[in-house]
Every structure is written in C-alpha cells, then in structure tokens.
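Computed from the coordinates by the stated procedures, all read-outs in this text should not be read as laboratory data. Just so we're clear, the structure is a prediction, and the values are computed from it rather than from any experiment. Here the Cβ positions follow ideal geometry from the backbone for every residue, glycine too, while neighbour counts run over all protein chains shown.
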Amino acid sequence: MNLKNFVPKIILPLTILLIILSFSTLIFSKYFFIFDLFSHFQLQYLLLLCIIAIISIFYKNFIILIIAFSYSIFLGNLVFPATFISENIKPDIFYMNTYYYTEKHEQIVKEILKNSTDIVFLVEANKSLISELTTQLKDPIIELNEGPNSFVLFSKIKAEEVKVHNETIPKFISAKFPEFTLIGLHAMDPITPEKRQINLQYFSQINDYINSLEGEKFIIVGDFNNTIFSGTFRKHFQKYFEKNNYTWGTLKPWYIPIDHALANFPINIAITKKMESDHKGLLIDTKTKTYK
C-alpha cells in the first residue's frame, strides 16, 4: 500500500466521520445510551481533527483544512475552559477520588496537609488512608466504609447538620456549614444502559435535595463519572457548570473530565498534581472570607 496515495483518500471520510460522531453524540446523548457513552470523548475528537487539519496542509487539501478547522473552533468552545494543570489559588476544600485499591498514599496525605484546607472530602478512601489522615486531621465528621463506594469528610468548621443519604443508589452525603451546604457524591461508571439509568435516577434525587435547600448556597463535588458533554450530566447540572477539570486517565488517550465541583455561587477550581490515584484532585476556593 502506497501511504502517500492512501492518506488523501481516507482523510475526507475520516473527517466527516469524526464530525458526525462528535455532533450526533452531543445532540442525542440525552436520549440514547450509545450516544451518551461516546459523548464523553470530545477532547479526543478535537485532537484528531487538529491532526487532520495539519495533515491537510501537508497535502495541500484546503477544503478539508477549512472543514476540520471550522468544526475544531466550534468544538474547542465546548471543551474549554479547562484545567489540565494546577493553578495558584487559596483553596477552602480539597476533594479527590483516592482510588480504593491503592496501597500507597504518601503523596496524597502530603498534598492534603500542604494545602491545609478547611474541608477535605474523599471518595474511594480506604481504611489505611482514613486512619492516617485521622491522626493528622482528627476524626472525620462523616465516614462511610463500603469498599470502592466509601466516603470520608474531614472539617475544621463545625457543621450544623451532616447526613449520609441512604435512600439513593449509590449513596451521597451532605453537610450544612454556616456559609454553604456541601454535597458529596460518587456516581457509577456509565458503561452499560443499566448503569446509565441508575445514574439518571441518582442525579435526579440529588437535584431533588438541591431544590429542598430553597436557594441556599451549596457546592456539589465528587466523581460524577460523567463529562459535561454527556446528556446525562447536562440534563441535571449544566446550569451550575463552570470549568472542565481533566482528572481521570491522566496523560492517556482517554484523558477526560469526570470529577466536578459545581455551585450556585462563584467558586474557583484548580487541579492537583498526579499522585498515587488514577484521578487528580480538585482544589476549590469558595471565595468566602469567613474561613480564612
């Protein structure tokens, strides 16, 4: 096969395929599982289209260049704003999926202590990590030991009310602080139609709880196992969304933003460096002076 002759023949069909795949998954992900599943990879579609645009310059195919470049601009507005590396902020909240099965967590503990946030919320925290943090941060105000579905919440601020919401599958937690209510969650991975339906119900129940707050300030943070591009996510949380934080699959081809911090008031978000987990953590600045 002559590669020089093959590339010009395949580049146009590939461009059209990527655009159809990207656009159709954005439109129909609210309705169909398969579209929802492939909607998460908009960054990957964007990168491939950028590569195609560069190749089209080499082959002097300016029609493909215009098509790929034009859609890349549209897609880029969806993919960004985003954070891939840490930003300098003064965080109030440290959140991370610490990966339940990791045996080492020295870097995670060091990062938590270095940031010295008022609130630390972790999902998939195993017993050894919780035990070590307890010696440093005192007893958690919420601790749920259920394997990979574990939660732990530490706080220097006294919470008016804390609760594990056992009525949902999976469970979620809430803690009412003087300035806002923190909602912590860990959704299922949406890789089957059944799990997608569970997530839809889960997010709907969390929204019901948000509505019960009747306009009070809140932050919802955790591993949504969904990107902003997913219809499942957009249906329930798009109005609170601010920034894509690329946290899972770090520096891998499937690098996607599935850990989110959302609020009904202005917050600033950055991400941690890569540590022992397969997720990066989130650093959240609530911009409130009460806790400083």
How charged is the neighbourhood of ILE130? Take every other residue with its Cβ under 13 Å from the Cβ of ILE130, and add Lys/Arg as +1 and Asp/Glu as -1.
-3
Radius of gyration, Dmax [segment 16-96; alpha carbons; angstrom]
16.1, 52
In whole angstrom, largest first, the equivalent ellipsoid semi-axes that the Cα gyration tensor gives for segment 197-292 are 23, 20, 10
Placed amide H near PHE218: partners under 5 Å, 5+ positions off or other chain:
THR181, ASN264, PHE265
Among beta bridges assigned by DSSP with both residues in the chain, the antiparallel ones amount in percent, to the nearest 5, to 70
Per GNM of the chain with C-alpha springs under 10 angstrom, the most fluctuating residue out of PHE62, PHE154, PHE94 is PHE62
Between segment 245-289 and segment 83-109, how far is it from one alpha carbon centroid to the other, in angstrom?
8
Quote the FRET efficiency, to the nearest 0.05, computed for SER86 versus ASP189 with a Förster distance R0 of 30 Å and r equal to the Cβ-Cβ distance.
0.70
Quotient of Cα radius of gyration and Kirkwood radius for segment 7-58, i.e. Rg/Rh, equals 1.06
Name the residue, out of LYS127, LYS90, LYS60, whose mean-square fluctuation peaks in a Gaussian network model built on the chain with Cα pairs under 10 Å.
LYS60
³J(HN,Hα), Karplus 6.51/-1.76/1.60, whole Hz, each residue of segment 244-254, x for Gly, Pro:
7, 10, 7, 10, 10, x, 3, 6, 10, x, 9
Considering only ASP208, ASP139, ASP223, give the residue with the highest GNM mean-square fluctuation for the chain, with springs between Cα atoms whenever their separation is below 10 Å.
ASP208
Under 14 Å from the Cβ of LEU213, count the other residues' Cβ atoms, weight Lys and Arg +1, Asp and Glu -1, and hand me the total.
-3
If the viscosity is 1.002 mPa s and the temperature 20 °C, what Stokes-Einstein diffusion coefficient in µm²/s follows for segment 137-199 when Rh is the Kirkwood radius over Cα pairs?
165
Would you mind giving the three semi-axes, in whole Å and largest first, of the ellipsoid equivalent to segment 173-212 according to its Cα gyration tensor?
25, 11, 5
If each of LYS127 and ILE20 carries a label point 7 Å out from its Cα toward its Cβ, how far apart are those two points in nm?
5.4
What's the exposure ranking of ARG196, ARG234, going from fewest to most Cβ atoms within 10 Å?
ARG234, ARG196
Alpha-carbon gyration tensor eigenvalues x 5, square-rooted, for segment 1-144, Å
45, 17, 15
Taking 4 °C and 1.567 mPa s as the conditions, I'd like the Stokes-Einstein D for the chain in µm²/s, using the Kirkwood hydrodynamic radius from alpha carbon pairs.
64
Give me the one-decimal Kirkwood hydrodynamic radius in Å for segment 231-273, with the sum taken over alpha-carbon pairs.
11.6
Within segment 226-241, name every residue whose backbone N is under 14 Å away from a label modeled 7 Å from Cα of HIS165 along the Cβ vector.
236-237
What is the pair-distance distribution P(r) of segment 138-279, computed from all Cα-Cα distances in 10 Å bins starting at 0, with each bin given as a whole percent?
10, 41, 39, 9, 0
Need the list of aspartates and glutamates near LYS163 for cross-linking: C-alpha distance under 12 angstrom, and skip anything on the same chain fewer than eight residues off.
GLU143
Long-range amide H contacts for HIS165: which residues qualify at under 5 Å (H placed 1.01 Å from N, peptide plane, sequence gap of 5 or more or a different chain)?
PHE172, ILE173, SER174
Can you give the FRET efficiency for THR134 and ILE10, using 1/(1 + (r/R0)^6), R0 = 51 Å, r = Cβ-Cβ distance, to the nearest 0.05?
0.35
Once you compute Rg and the Kirkwood Rh from C-alpha atoms, what is the Rg to Rh ratio for segment 107-220?
0.98
